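Read the structure below first, then the notes.
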Amino acid sequence: MDAIEKRRSYYKLNKKIDINYEELVSMLRNCLYYSPNPYNVQASRILLLTGKSHEQFWDTVVKEYFRKNNDGNLSEWDEARIKREKKAYGSILFFIDEKKMKDSMPKKVYEENYIRWTNDALAMLEINVWQSLIKENIGAHLEHFTRLKDEVKLVYKLPDSWSFNALLVFGGIEGEAPIKAKDPLDERLIKLD
């Protein structure tokens, strides 16, 4: 429960983490390997950006995305956000390989369910990565810039079949995570004997 309780959306991040790059890559490989997926399809994909590639991602790809979705302008809020995210150690981008998913789809399952289950598998990978990071005292927060997919594939020359889903910005924890209000648990959990 410790990792679940400590996993929060940390926004004040820095470039100081207590594991090295090889340990980080090993962690991501283990999360990919051990995270469950429907019918063992293994369609989840990760792109890890650190160092200059992380900063360039925010300075170019995300900045252009913000401009494109704001009549060519970059708001002060957008500029502050880019500056904040560049201070983090890196970004982990999550994708589904749609070709792998469709090629592996069993005939006995309805397509809509299989697609949903594959998305569920990616969400489990995302939370497993997030919890693995917090176990190493590395903070993170998840972002969903779903309309960013074309720019990401173009800039990083990824396969056309990779569909972008979310990104996890991560780094050393510089400030506490904001406290978010929670609905009463008795309204969210039904107990039957």
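The values are calculated or read from the model by the stated rules, or taken from the named source; none is laboratory data. Bear in mind the structure is a predicted one, so any value in this text is a computation, not a measurement. Here Cβ is always computed from backbone atoms with ideal geometry, including for glycine, and neighbour counts include all displayed protein chains. For the accessible areas, the whole protein counts, side chains as well, though only heavy atoms, and no ligand, DNA or RNA atoms are used. Shrake-Rupley method; radii C 1.70, N 1.55, O 1.52, S 1.80 Å.
A few notes on this one:
- Just one residue in the set ILE82, ILE179, ILE127 is β-branched (Val, Ile, Thr), under 29 Å from TYR39 (Cα atoms) and either open to solvent by 40 Å² or more (accessible area, probe 1.4 Å) or not in a loop (DSSP other than H, G, I, E, B) (or both); that residue is ILE127.
- Scanning segment 1-51 for residues that are of a type in the set (S, T, N, Q) and either at pLDDT 95 or above or over 18 Å from GLY139 (Cα atoms) (or both) returns ASN14, ASN20, SER26, ASN30, SER35, ASN37, ASN40, GLN42, SER44, THR50.
- Helices (runs of 4 or more DSSP H) enclosed by segment 1-58 - at least 3 residues per element that are closer than 19 Å to LEU158 by Cβ: 21-34, 51-56
- Test: LEU142 is touching a Ser or Thr at 6+ places or on another chain (Cβ under 8 Å), modelled with pLDDT of 90 or more and open to solvent by 20 Å² or more (accessible area, probe 1.4 Å): yes
Rundown of residues vs (1) assigned to a strand (DSSP E or B); (2) open to solvent by 30 Å² or more (accessible area, probe 1.4 Å); (3) touching a residue at least 40 places away in the same chain (Cβ under 8 Å), yes/no style:
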position: LEU148; (1), (2), (3): no, no, yes
position: VAL152; (1), (2), (3): no, no, yes
position: VAL155; (1), (2), (3): no, yes, yes
position: LEU158; (1), (2), (3): no, no, yes
position: LEU167; (1), (2), (3): yes, no, yes
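- Count of segment 47-73 residues, restricted to those that are open to solvent by 60 Å² or more (accessible area, probe 1.4 Å) and at positive phi, is 1.
- Residues being surrounded by fewer than 14 Cβ atoms within 10 Å (Cβ to Cβ) and in contact with a helix residue (DSSP H, G or I) (Cβ under 6 Å, 6 or more places away or on another chain) - total across segment 7-22: 0
- Some residue of segment 105-122 being among the aromatic types (Phe, Trp, Tyr), within 30 Å of ASP2 (Cβ to Cβ) and under 20 Å from the mean Cα position of the chain (by Cα): yes
- If you go through segment 24-39 and keep only what is loosely packed, with under 12 Cβ neighbours inside 10 Å and without any contact (Cβ under 8 Å) to a residue 12 or more places away in the chain, you end up with ARG29, TYR33.
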